[in-house]
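Reviewing the structure listed below.
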Amino acid sequence: MQYLLTEQQKARHGDFKTFVNQNVEPFAEKWDREQRLPESVIALLAKLGYLGCSLPTQNGGHGWDTVTFGLLNEALGRGSSSLNGVLTVQTMVSKALLKWGSVEQIRKWIPMLAQGEIIGAFALTEPGGGSDIHSLVTEFTDSRGDSLVLNGAKKWISCGQFASLFLVFGKLGDRSLACLVPRETPGLEVEPIHDLMGFRAAGLAKLTFNNVEVPPANVVGKPGFALSHIAPVGLHYGRISTACSALGLLRGCFEESVTWAATRKIGNQPLGDIGMIRSLIAEMGTDLEAGSFLCHSACRAADENLPEAFEKALMAKYFTSRAAVRAASDAVQIQGAAGCHASSSVSRFYRDAKIMEIIEGTTQIHEHLLGGIFLGQVRRSLQ
Ligand SMILES: Cc1cc2nc3c(=O)[nH]c(=O)nc-3n(C[C@H](O)[C@H](O)[C@H](O)COP(=O)(O)OP(=O)(O)OC[C@H]3O[C@@H](n4cnc5c(N)ncnc54)[C@H](O)[C@@H]3O)c2cc1C
């Protein structure tokens, strides 16, 4: 896959891996155990410009292409899925706002998001459900002045514990609407969610909106556009980010497994000489290569604004999240009891991998969408 990268992309990928090797991998188990990311590591991501790396330079970002963004997610995902979650949601909020925000909103918020001075959170899922986004019940109502009033609740919101700015989706009558809610807004309550199976350090929270005033300056886009235009931009980049992060986790499983199989002995026989262990490693390594191509293809399609960019991101996320679950299970199997202990990173990979099949659209939602796209292509060709 490396041959598809430019020299600059290869060099940056090397830098990302070094960064993760030194600043993420040694601490990821501690963050997972303590269920929190230290401010210092988020500040480091911000300082290096990683949190705004794919945003235009004129808005305070680095202007890196999506392929490079994908490589960063892959490297971070190898180290800590929770930490990569910060990059995922920061990018979801920033890209959606950059595309559909007003000139004033872009001028005010994007440079701060790009430079990591503030952390954003993407508040779509509700206690009543996440897959069917059209059934959301968070409600905007007209107030006496120009402002709207927001009531409702959001659940499972990554970075909610420490985000300063929430991109919130709701309904105004029967039309969907999105708005920005700064953390200090009166009427917003943030309740931490602990004890998740995976992504334990990703700072999830439940948000409750009690008569929150939303001034016109904080309404994003037009009524009726939020679920059809604004959320899909965020979810598209969320899928690319998660696909590449799952690829990083898969790489972690592969690397840990081949090292273990090469060094562990069963009696006098190296573990890696056992055919059944080789089968597990063969599938993992092949999934890794296939996933790399799908992720690269999705990122390239986004860079080139190809019409198939949407389905390529779906395919990449669908494939790598499922492959990561298989690989993590097999990586634990290969290590036996040692793989079941917190001292082995594969035990964390096992818990984090399953989350990848839930976020940014579950596996079933991906199958529903992709199946529909493939059938639609055939139906159109038959007309
Ligand atoms: C660690 C973590 C981080 C998250 N971060 C965020 C975040 O930052 N922002 C945010 O808004 N949300 C976030 N979420 C929520 C996530 O997006 C939702 O969990 C997800 O969309 C699924 O919604 P649900 O959990 O309500 O499941 P449900 O929608 O209740 O689905 C339950 C099951 O039914 C299946 N199902 C549903 N509809 C169909 C269908 N039509 N056909 C076939 N099967 C179907 C699903 O695949 C799933 O298996 C996060 C979740 C987790 C676990």
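Nothing in this text is a laboratory measurement; each read-out follows from the coordinates by a stated rule. As the structure is a prediction and not an experimental result, all values here were calculated from the model. We place every Cβ from the backbone using ideal geometry, glycine too, and count neighbours over all the protein chains shown.
The phi torsions of segment 20-33, fed into the Karplus equation with coefficients 6.51, -1.76 and 1.60 and a -60° offset, translate into couplings of 5, 4, 8, 10, 10, 3, x, 10, 4, 5, 5, 4, 5, 5 Hz, rounded to whole numbers, with Gly and Pro shown as x.
Can you classify segment 58-148 as rounded, prolate or oblate using the Cα gyration tensor, where a ≥ b ≥ c are the square roots of its eigenvalues, rounded means a/c under 1.5, and otherwise it's prolate if a/b beats b/c and oblate if not? Don't jump to the answer; show the numbers that get you there.
Values: a/c = 2.64, a/b = 1.36, b/c = 1.94.
Oblate shape, in that a/c is at least 1.5 and b/c is the bigger or equal ratio.
3J(HN,Hα) couplings calculated from phi for segment 172-178 with the Karplus curve 6.51 cos²θ - 1.76 cosθ + 1.60 (θ = phi - 60°) are, in sequence order, 10, x, 9, 9, 6, 8, 10 Hz; Gly and Pro show x. Put in line by how crowded their Cβ is, counting other Cβ atoms within 10 Å and starting with the fewest, K99, K10 read K10, K99. Global size of segment 231-374: 16.6, 57 Å for Rg and Dmax (C-alpha atoms, Rg to one decimal, Dmax whole).
Projecting the alpha carbon convex hull of the chain along each direction and taking the average yields 20.4 nm².
Taking 19 Å as the limit for the C-alpha separation, the pairs K17/K265; K317/K354; K30/K154; K99/K222; K99/K155 exceed it in the case of K17/K265; K30/K154; K99/K155. Phi angles across segment 247-252 convert, under the Karplus curve 6.51 cos²θ - 1.76 cosθ + 1.60 with θ = phi - 60°, into 3J(HN,Hα) values of 5, x, 5, 4, 4, x Hz, Gly and Pro given as x.
Each of W100, W109 has some number of other Cβ atoms within 10 Å of its Cβ, and from fewest to most they run W100, W109. Here the Debye sum runs over all C-alpha atoms of segment 107-150 as equal scatterers in vacuum, and log10 of I(q)/I(0) at q = 0.14 Å⁻¹ comes out as -0.60.
When N is the residue count of segment 2-114, what does its C-alpha Rg come to as a fraction of 2.2 N^0.38 Å? Let's see the in-between values first.
Working: Rg = 14.5 Å, N = 113, 2.2 N^0.38 = 13.3 Å.
So the Cα radius of gyration is 1.10 times the expected 2.2 N^0.38 Å.
Comparing mean-square fluctuations of V137, V219, V103 from a GNM of the chain with C-alpha springs under 10 Å, the top value falls on V103. The listed peptides 236-242, 41-47, 193-199, ordered by packing as a protection proxy, come out as 236-242, 41-47, 193-199 (highest mean of other Cβ atoms within 10 Å first).
To the nearest 0.05, how large is the calculated FRET efficiency for E367 and T259 if R₀ is 45 Å and r is the Cβ-Cβ distance? Intermediate results must be reported in sequence, preceding the final value.
Numbers: r = 34 Å, r/R0 = 0.76.
Calculated transfer efficiency: 0.85.
Taken along its three principal axes, the alpha carbon spread of segment 206-299 comes to 72, 32, 17 Å, from the longest extent down to the shortest. Bridgeable aspartates and glutamates around K171 (alpha carbons under 18 Å apart, same-chain partners fewer than 8 residues away excluded): E126, D132, E139, D142, D146, E213. Packing here is the average count of other Cβ atoms within 10 Å per residue, and on that basis the peptides 122-129, 65-72, highest first, run 65-72, 122-129. The amide H of L148, built 1.01 Å from its N in the peptide plane, has V214 as neighbours under 5 Å, considering only residues 5 or more places off or on other chains.
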